[in-house]
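Working notes, structure below.
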Amino acid sequence: MPAESQTRPPRADAVRNRESLLVAAREAFAEHGMDVSVSEIAQRAGIGKGTVFRHFATKESLAAAIVSGRLDELAVTGRTLLEAADPEAALLEFMTAGVELHVSDRSFCQAATTDVRRDPVVRAAADRLSGVAEALTDRARRKGVIRGDITGQDVIRMLTAACQAAAPDEDVTGAWRRYLHLIFDGLRAEGARPLPPLPPTA
């Protein structure tokens, strides 16, 4: 194979198709979870199913690309918060961003119980996120505002716990905020503080 064919950049239409595919897949997975079909994703993107499979061999590999992207978005938020002056407020803001992501994207939560979580791309992104969570947690520990035995992995797991606590309400009322603050009070080194009131029901 000629050397120039190995280094030739992808055609502009191929780049556009991939970008459209990723946007459509992100929206479809967020709305419908892992059960969304490749046909629906292709239709949203305005491309054929064959084009989807030219970019991603399986629906699972496409889902892995979307989930890893979501994990990296949260990691970027966390790295920004490492510069915040108040470690306690930074950790709560990070956890809030994490639960908001769970609430807004059905596939993000489902990924934890599917084969997607074992994909190397997802595992690498999860490791990056865990490192950021540990750094944020360590700052709060050293400041003495949270318990000394809390780890970054504890924080990651409690994001899902806050989401699951409000799951029966399908987040119609934003009840997850109440449970997140309850969880965060449990992290504090001092006594618990008043919880936010429940929002009005629909």
For the chain, the charge dipole (Cβ of Lys, Arg +1; Cβ of Asp, Glu -1; about the Cα centre) points to a positive end, and the Cα of Ala14, Leu62, Thr114 closest to that extreme belongs to Ala14
Simple SL model, points at 7 angstrom along Cα→Cβ for Arg157 and Ala14; separation in nm is 4.4
Which of Ala42, Ala124, Ala189 fluctuates most in a GNM of the chain (C-alpha springs under 10 Å)? That residue is Ala189
Carbon plus sulfur, as percent of the 1.4 Å-probe accessible area of the chain, comes to 53
Stretched fully, the stretch from Arg54 through Glu190 gains (0.36 nm per residue minus C-alpha distance, one decimal, in nm) 43.5 nm
Mean separation of Cα contacts under 8 Å (at least 6 apart) over the residue count of the chain, i.e. the relative contact order in percent, is 18
With R₀ set to 45 angstrom, the calculated FRET efficiency between the beta-carbons of Ala135 and Glu27, to the nearest 0.05, is 0.90
Here, Leu182 and Ala124, labelled 7 Å along Cα→Cβ, have an inter-label distance in nm of 4.0
The extension gain from Ala97 to Ala84, computed as 0.36 nm times the residue separation minus the Cα-Cα distance, is 3.2 nm
Inter-part gap, Cα centre of the stretch 14-50 to Cα centre of the stretch 79-131, in whole angstrom, is 23
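The values are calculated or read from the model by the stated rules, or taken from the named source; none is laboratory data. This structure is a prediction, so every number in the text was calculated from the model and none was measured. Cβ coordinates were reconstructed from backbone atoms using ideal geometry, including for glycine residues, and neighbour counts include every protein chain displayed. The accessibility values were calculated without ligands, DNA or RNA, using every heavy atom of the protein model including side chains. Shrake-Rupley method; radii C 1.70, N 1.55, O 1.52, S 1.80 Å.
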